[in-house]
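The values are calculated or read from the model by the stated rules, or taken from the named source; none is laboratory data. Note that this is a predicted model, so its numbers are computed, not measured. Neighbour counts are summed over all protein chains in view; Cβ atoms, including those assigned to glycine, are modelled from backbone coordinates with ideal geometry.
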Amino acid sequence: MREHIAPHVRTYVEGDQADASVWPELLRGADALVHNAVDWAPLRAKDLESHLRSNLVGAISLLHAAADAGVKRVVFVSSVAVHHAISDRWEGVIDEDHPLRPSGLYGAAKAATEAFLWDLMHRRGVHCVALRPAAVYGVEPMNLERTHGYEQLMALKRGERVTKDNFGGGGKWVHVDDVALAILRALERDATNGHAFHLADCYAKRTRFAEHAAQIMGLDASLVEPDDGPPAKNMFSKRLENETLGVALQRGDEGLRVHMRELIERVG
């Protein structure tokens, strides 16, 4: 499933991030490393040992291998999951100075890897940036079924009601194009060195995707349980992302609507 990126990629190196045998070929002649790999199998199996070996030791070792190979810039794609216990002292607007207090093996591995990323910057002089995206939405052209909002759309097409009970709660969202732009800016801009950036645009219940889809398709609004719950208790500051990273993160709810319109057109 490379057709949609083939025009932009010169060389493919296939392998596991924890497999050191593929690192020399991967890093040969590279100016930068963007680390955006997660091995979900041990997380789903709740296999702590395998998770640590693959997602923590593997990631840290790859970062150090990049420095050894002469890579000058590293972007580590972390996650807002490095946060869970939010201090009231931040008054609901969380900036990058908030301590990392994750809940869950995924967030804990991301937070731990970030610590080693900063060691790489201070001790090895590598330009390092951590990006912390929220849930990433955007149409997956080669696999529509993996697209956020797809299941809600299919339920509506079958005439089924979409509720919070059958489609879960809410969360913070960011568009894939904004994540891609953030990676580019993190590599291009010297001022991003040593910073972590939260990539969270808006908050919405998962039923909000269905609300937009129903409106676009002219369906009865009663098919969707409305997103009328309280707003998120905590949101992330966008000041550093706007001023230093140069990514505005302002699609908001309209971004979710545009996303669903595109998905509806592709599904047909």
Any hit, region 138-155, residues being outside any loop (DSSP other than H, G, I, E, B), touching a helix residue (DSSP H, G or I) at 6+ places or on another chain (Cβ under 9 Å) and among the β-branched types (Val, Ile, Thr): no
Members of region 235-260 found to be more than 22 Å from Val129 (Cα to Cα) and loosely packed, with under 15 Cβ neighbours inside 10 Å, listed by number: Gly252, Glu254, Val258
Failed criterion for Ala66 (all others in (1) surrounded by fewer than 18 Cβ atoms within 10 Å (Cβ to Cβ); (2) within 20 Å of Gly194 (Cα to Cα); (3) out of contact with any His (no Cβ under 6 Å at 6 or more places or on another chain) hold): (1)
Residue list for region 73-87, filter: touching a His at 6+ places or on another chain (Cβ under 6 Å) and surrounded by fewer than 21 Cβ atoms within 10 Å (Cβ to Cβ): Arg73
Extreme residue, surrounded by the most Cβ atoms within 10 Å (Cβ to Cβ), among residues of region 189-210 that are closer than 30 Å to Leu223 by Cβ and among the aromatic types (Phe, Trp, Tyr): Phe209
Total residues in region 213-234, condition buried (at least 16 other Cβ atoms within 10 Å of the Cβ), in contact with a Gly (Cβ under 8 Å, 6 or more places away or on another chain) and not charged (D, E, K, R): 3
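Can you spot a residue in region 45-68 that is in contact with a Lys or Arg (Cβ under 6 Å, 6 or more places away or on another chain), at pLDDT 95 or above and small (Gly, Ala, Ser)? Can you show your working first?
Taking region 45-68 as the starting set, the residues that turn out to be in contact with a Lys or Arg (Cβ under 6 Å, 6 or more places away or on another chain) are 67.
Filter again for at pLDDT 95 or above, leaving 67.
Going one step further and asking which of them are small (Gly, Ala, Ser), we end up with 67.
Among the residues of region 45-68, at least one is in contact with a Lys or Arg (Cβ under 6 Å, 6 or more places away or on another chain), at pLDDT 95 or above and small (Gly, Ala, Ser), which makes the answer yes.
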Checklist (1) surrounded by 17 or more Cβ atoms within 10 Å (Cβ to Cβ); (2) modelled with pLDDT under 95; (3) under 28 Å from Val139 (Cα atoms); (4) among the aliphatic types (A, V, I, L, M) applied to Ala6, failing item: (1)
Residues that are farther than 23 Å from Ser54 by Cβ and surrounded by fewer than 16 Cβ atoms within 10 Å (Cβ to Cβ), drawn from region 97-114: Asp97, Pro99, Arg101
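The rows are residues; the columns are (1) surrounded by 14 or more Cβ atoms within 10 Å (Cβ to Cβ); (2) at pLDDT 95 or above; (3) small (Gly, Ala, Ser).
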| position | (1), (2), (3) |
| --- | --- |
| Phe116 | yes, yes, no |
| Val126 | yes, yes, no |
| Leu131 | yes, yes, no |
| Asn143 | no, no, no |
| Arg158 | no, yes, no |
| Asn166 | yes, no, no |
| Gly170 | yes, no, yes |
| Leu181 | yes, yes, no |
| Leu187 | yes, yes, no |
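Every residue in region 90-112 that is in contact (Cβ under 8 Å) with a residue 60 or more places away in the chain and not small (Gly, Ala, Ser), please. If you could, list the steps in order and put the result at the bottom.
Keep residues of region 90-112 that are in contact (Cβ under 8 Å) with a residue 60 or more places away in the chain, which gives 90, 92-96, 105-106.
Within region 90-112, Trp90, Val93, Ile94, Asp95, Glu96, Leu105, Tyr106 meet the criteria.
Only one of Leu26, Leu43 is surrounded by 11 or more Cβ atoms within 10 Å (Cβ to Cβ) and over 22 Å from the mean Cα position of the chain (by Cα); which?
Among Leu26, Leu43, only Leu26 is surrounded by 11 or more Cβ atoms within 10 Å (Cβ to Cβ) and over 22 Å from the mean Cα position of the chain (by Cα).
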